[in-house]
Amino acid sequence: MTLLGRTTVNVVVGIAVLYTLLPVLWLLLAATKNVDALFQSDLFSLSNFSFVDNVKDLFAMDKGLYPRWYLNSVLYAVVGAAASSFISMAAGYAFDKYAFAHKEKLFGLVLAAVMVPQTVLALPLYLMASGTGLVNTFWAVFIPVLFNPFGV
């Protein structure tokens, strides 16, 4: 690769990195400012630093609802990912190691499920959750996460 080609690639990668990281930098700096400084042009200055007050206000908002939301997100992500991985590994192991009736047809069904977009499943999953009385519960979010044909 020539020097001009490397320089061009490095410039493009540098622009992509800036494009990706500048919003994150803005988010971090905005979290440290009070409301007045946030809507003025001194976002990059070190004055008006109020990160601790912002965090206190966040955790006190709506009588401490944010920690509950955060714990729910962690629960769905960590427990859901672990359980989904376990189920996918068990299914993949069964397809690989065991011979059973209609194995090829079932694996074809799994492969066909990979091609179905998740947005197509949103309404049927809601209707099934509604029919079983699971709407607005933990299980309505957790159960669909467990079964992922991509993992198999």
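Quick check, is Asp53 open to solvent by 90 Å² or more (accessible area, probe 1.4 Å), assigned to a helix (DSSP H, G or I) and acidic (Asp, Glu)?
no
Which helices (runs of 4 or more DSSP H) sit wholly inside the range 63-152 and have at least 3 residues that are of a type in the set (S, T, N, Q)?
Working: elements: 65-74, 80-97, 103-114, 118-131, 138-146.
In the range 63-152, 80-97, 118-131 are the helices (runs of 4 or more DSSP H) which contain 3 or more residues that are of a type in the set (S, T, N, Q).
So, in the range 56-72, exactly how many residues are closer than 30 Å to Pro149 by Cβ and open to solvent by 70 Å² or more (accessible area, probe 1.4 Å)?
Within the range 56-72, the first condition is being closer than 30 Å to Pro149 by Cβ, and the residues that meet it are 69-72.
Keeping just the survivors that are open to solvent by 70 Å² or more (accessible area, probe 1.4 Å) gives 69-71.
So the answer is 3.
State all residues of the range 27-86 that are of a type outside the set (A, V, I, L, M) and closer than 30 Å to Val152 by Cβ; if no residue qualifies, say none. Before you say what the answer is, go through the steps one by one.
Residues of the range 27-86 of a type outside the set (A, V, I, L, M): 32-34, 36, 39-42, 44-45, 47-51, 53-54, 56-57, 59, 62-64, 66-70, 72-73, 76, 80, 84-86.
Of everything in the range 27-86, those that are of a type outside the set (A, V, I, L, M) and closer than 30 Å to Val152 by Cβ turn out to be Asn72, Ser73, Tyr76, Gly80, Ser84, Ser85, Phe86.
Okay, residues lined up against (1) open to solvent by 70 Å² or more (accessible area, probe 1.4 Å); (2) within 17 Å of the chain's Cα centre (by Cα); (3) small (Gly, Ala, Ser):
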position: Ala82; (1), (2), (3): no, yes, yes
position: Ser85; (1), (2), (3): no, yes, yes
position: Gly92; (1), (2), (3): no, no, yes
position: Phe107; (1), (2), (3): yes, no, no
position: Ala112; (1), (2), (3): no, no, yes
position: Trp139; (1), (2), (3): yes, no, no
position: Pro144; (1), (2), (3): no, yes, no
position: Pro149; (1), (2), (3): no, no, no
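Suppose the filter is touching a Leu at 6+ places or on another chain (Cβ under 8 Å), closer than 30 Å to Asn148 by Cβ and small (Gly, Ala, Ser); does Ser88 pass it?
So Ser88 does not fit the description; no.
The values are calculated or read from the model by the stated rules, or taken from the named source; none is laboratory data. All values reported here derive from a predicted model rather than from experimental measurement. Please note: Cβ atoms are built from the backbone with ideal geometry, for glycine as well, and neighbour counts cover all protein chains shown. The protein model used for the area step is the full one, side chains on, heavy atoms only, and it has no ligands, DNA or RNA in it. Shrake-Rupley method; radii C 1.70, N 1.55, O 1.52, S 1.80 Å.
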